[in-house]
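Participant: Encoded as structure tokens, here's the structure I'll be asking about.
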Amino acid sequence: MNGAQTLDAWLKVQAIRKRFGARPLFDKVSFEVARGQTLAVIGASGSGKTTLLRILAGLDRDHQGRIFIDDRDVTSLPARQRQALYLYQEPLLFPHLNVFENIAFGLRLRRLPKTQVREQVEQVLGEIELQGLDARKPESLSGGQRQRVAFGRALVVQPALLLLDEPFGSLDPETRAAMQELFGRVASQHRITSVFVTHDLKEALRVGDQFGLIADGRLRNYIDRAAFCADPDSGVQRELRFWEALRVEAIGSGAKPTP
Amino acid sequence: MVSGVAVASAAGANAAVIRAGSTSLLCVLIAVPLVLLLLLSVTRHWSYPGLWPDALQWSQWRVMLSGDRGLLDALVSSLLIAVIVAVGATTAGFLTSQRIAGHRRRGVLLMLALLPFAISPVVLGVTLNYGFIRLQLAASLWGVILAQFLFAYAYAVLLLSGFWNTRIAALSELAESIGADRFQIWWRVRLPLAAGLLGVSLFQTFLISWFDFALARLIGAGRVQTLPLLVFDYFGSGDFRLAAACGVLLVGLPLAAVLLNRRLLAWPLTAASSRV
Amino acid sequence: MLTAGAVILALAFAGLYSVGVLGLLSESWTTAHWRYVLFESGVWSALGFSLALTLVTLGLATVAALATVLIVDMRVRRGPFAVLVYAPLAVPGIVAALLSYQILGDAGLLSRMAHAVGWIRSPAEFPALVFDRLGVGIILTHFAMITPFFVILFDRLFENERVAELRQLAYTLGATRMQALSRVVLPLLLVRALPVCAVYGVVLMGAFEVPLLIGARYPTMISVEIYSRFASYDLTARPQAYAMATLYLLLVLAAWSVALRWRPRPAQTPR
């Protein structure tokens, strides 16, 4: 069955079709995401995950199908009118602006008064735990810090939809875990609807409320987490078997677990 | 072991001496012609075989700049023309290089845009000359400006095309995603990031016009006077003092600028090492 | 919409160009001019001379610049040399020619220095370095103009390509100084500098001011050849100038399109 029907679907995607030259990339991709939920999408490299996000963001308008955000048909709208923010894999910060200005960028575009900008940016700085770093330039920040700033910049404009393209891929495992936790907390606090693309199973399970799998030009929707885990194609079963085999081998060899 | 160390340090000391010596020699080689230029501009007589001029008259500078030798006029003309060419060529070059960068056939377009620069200025001047006569641009200030512009524009396109890489494209897209309209993308993202390179382009296109001799002569046809043309005229008439004076004016401005900010000439050098 | 801007500018240029070319064609439609230019005018020896001078100058400049970078320590970035090396870049051809005349001429600085140490007794004994048939003065002047630029170029490449580190690596792998130089340092620097050298080669081919002021009457470089026919009082020489200019243009176009084929195509990858 294609398409989990949720009652208050914030994002509705219908029959997206995309070709690359003669090759079809997607064929009738449809799904829905409820308000404030995160759809975690798993897929192998080259499966078109990035293209899908760019289509949702409005950065790629060469496709068929329709997209609705909050019951508005945004298919023909350009990126800047969709309020759908796309976060790149590499934290892409404006090199000529410091942390404060990077975060404030979206607010400055809307010509908000200075005091309001300051207030909102400071609040966000607190949420992403980077207070005191507002005067720093991007080049002096670590990967994790940069990704936080990219986050903060997205948060502060309160987008209708957040599109994350393997945002933590370039971070080390500890920073990654911290970022996943931060994202989960902030997203639920602000009731942000997002589509989170990753190839890391653990990450998907950690951040996702809903789940999807891109393969062969289609997106498979799952009713719930259990369904996702049960599907042999999602890779969860394979992982479990691997760890299970390891556990059995450890018991069999009589190795004693170190305290 | 000890002798080994001693030999090594002796070799090291030798190398240091060679290094210091060559460096000093090169510095002298560079400084001498420049000093010579300055001296020539205030020398009335320099009889052979003296190694120093007979007499130096620094007061000559006030006379030369007072106006009847044409130095001041040529200086003003040169400045005016060069500023117009620099601003025009940089602006046009910036916009064109952006169009080219996003185009599918950018390799071909780039080569085409560079054509005016590839042929010698004389050839450019000769081929444009007839057309300019027809358009009544010959022997006019604007004719010279246009001809120099074509040359400088080709150069600016080459120089500024290095700016439009995938990073800038991604940053522009990002800004659009956050909500910026086209004007805001230019004003808040592209221009600030291009500022350094634009400065370099302005300076170098200014120099192309400031130093130009062939086009000013061929298109100007005697009606337009610039500093390089004056150098030539005075050289031809054997008045080396005035020729050198024009030379000092010609060289002085760029020399000061470059010594203060060496990055103004950075572009062709960094392009070689970061060729995409 | 996207291509409109580029196309308009390209068209404007082509327009002016073709008017000039039409002028050329109408004036030199009679093949007499072309026949003269191609077979009797000595345009080929001018081209050959230009090419020879260009190659010699480039060769000398490359060698000198490499030697300088490898011997002199430019890493002392604030030292006088590192700053002074930029100075010659502020000197245009016309002033360089003037200075060359004053230094290399028979009553010039070098001649006076030779007199001071007793090598010569009068200006006439000084060898002709300017207005000479081999173009020595032209070569030396261009050499002085472009070598500083090459020094800066090789120095930058040295830094950016981490040549010092790679050379060190070669040493640890057992290379001698000569081997490290010829197998690592030189290939790296020369290959990376090639495009810039090619551009300078093109510029030198079309050199004008220097050969105009201190070149001999014959042989002369192509730009001077074209100019002297264009500006001559004998008006019949003008169409010849146009024809020569067109010839040069065609040759450059041909070389340009060959270079076009060599250019690596920018990769277009879908995301």
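The values are calculated or read from the model by the stated rules, or taken from the named source; none is laboratory data. Just so we're clear, the structure is a prediction, and the values are computed from it rather than from any experiment. Methodologically, a virtual Cβ is constructed for each residue, glycine included, from the backbone with ideal geometry; neighbour enumeration extends over all protein chains shown. Just so you know, the surface numbers come from the protein's heavy atoms only, side chains and all, with ligands and any DNA or RNA stripped out. Shrake-Rupley method; radii C 1.70, N 1.55, O 1.52, S 1.80 Å.
Conditions tested, residue by residue: (1) of a type outside the set (A, V, I, L, M); (2) in contact with a helix residue (DSSP H, G or I) (Cβ under 8 Å, 6 or more places away or on another chain).
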| residue | (1), (2) |
| --- | --- |
| B:148 | yes, yes |
| B:154 | no, yes |
| B:163 | yes, yes |
| B:172 | yes, yes |
| B:184 | yes, yes |
| B:187 | yes, no |
| B:200 | no, yes |
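Participant: From the list A:143, A:152, which one is more than 11 Å from chain B (Cβ to nearest Cβ) and within 26 Å of residue A:37 (Cβ to Cβ)?
Facilitator: Numbers: A:143 fails: within 26 Å of residue A:37 (Cβ to Cβ).
Only one candidate qualifies: A:152.
Participant: Tell me which of these residue B:167 doesn't satisfy, since it passes every other one: (1) over 30 Å from residue C:230 (Cα atoms); (2) in contact with a Gly (Cβ under 6 Å, 6 or more places away or on another chain); (3) open to solvent by 30 Å² or more (accessible area, probe 1.4 Å).
Facilitator: (2)
Participant: On to the next question. Of A:12, A:18, which residue is in contact with a helix residue (DSSP H, G or I) (Cβ under 7 Å, 6 or more places away or on another chain) and basic (Lys, Arg)?
Facilitator: A:18
Participant: Since residue C:133 meets every condition but one in (1) open to solvent by 20 Å² or more (accessible area, probe 1.4 Å); (2) among the charged types (D, E, K, R); (3) facing chain B (nearest Cβ under 10 Å), which condition does it not meet?
Facilitator: Every listed condition holds for residue C:133 apart from (3).
Participant: Scan the stretch A:37-55 for residues that are on the phi > 0 side of the Ramachandran plot and modelled with pLDDT of 90 or more and jot them down.
Facilitator: Across the stretch A:37-55, there are no qualifying residues.
Participant: If the requirement is being at positive phi and either surrounded by 14 or more Cβ atoms within 10 Å (Cβ to Cβ) or among the hydroxyl-bearing types (Ser, Thr, Tyr) (or both), which of these qualifies: C:93, C:105, C:118, C:42?
Facilitator: Result of the check over C:93, C:105, C:118, C:42: C:42.
Participant: Let me ask something else about it. Given C:258, C:252, C:191, C:184, which one is among the aliphatic types (A, V, I, L, M), surrounded by fewer than 20 Cβ atoms within 10 Å (Cβ to Cβ) and within 8 Å of another protein chain (Cβ to nearest Cβ)?
Facilitator: C:252
Participant: Residue under question is residue A:216, and the condition is that it be surrounded by fewer than 22 Cβ atoms within 10 Å (Cβ to Cβ), touching a Ser or Thr at 6+ places or on another chain (Cβ under 9 Å) and on the phi > 0 side of the Ramachandran plot; does it hold? Can you show your working first?
Facilitator: Working: surrounded by fewer than 22 Cβ atoms within 10 Å (Cβ to Cβ): yes; touching a Ser or Thr at 6+ places or on another chain (Cβ under 9 Å): yes; on the phi > 0 side of the Ramachandran plot: yes.
Yes, satisfied.
Participant: At least 1 residues that are crowded, with 21+ Cβ neighbours inside 10 Å and modelled with pLDDT of 85 or more in each: list the helices (runs of 4 or more DSSP H) lying fully within the stretch B:75-155 that qualify.
Facilitator: On the way: elements: B:106-113, B:115-118, B:121-134.
Qualifying helices (runs of 4 or more DSSP H): B:121-134.
Participant: Ok, one more. Out of the residues in the stretch C:81-116 that are hydroxyl-bearing (Ser, Thr, Tyr) and more than 7 Å from chain B (Cβ to nearest Cβ), state the one that is nearest to residue C:145 (Cα to Cα).
Facilitator: C:100
Participant: Among the residues of the stretch B:214-229, is there at least one that is facing another protein chain (nearest Cβ under 8 Å), outside any helix (DSSP H, G or I), surrounded by fewer than 20 Cβ atoms within 10 Å (Cβ to Cβ) and modelled with pLDDT under 90?
Facilitator: Scanning the stretch B:214-229, I find no residue that is facing another protein chain (nearest Cβ under 8 Å), outside any helix (DSSP H, G or I), surrounded by fewer than 20 Cβ atoms within 10 Å (Cβ to Cβ) and modelled with pLDDT under 90, so the answer is no.
Participant: With the condition kept exactly as written, say whether any residue in the stretch A:56-66 is at pLDDT 90 or above, over 23 Å from residue A:166 (Cβ atoms) and open to solvent by 40 Å² or more (accessible area, probe 1.4 Å).
Facilitator: Yes, that holds for at least one residue.
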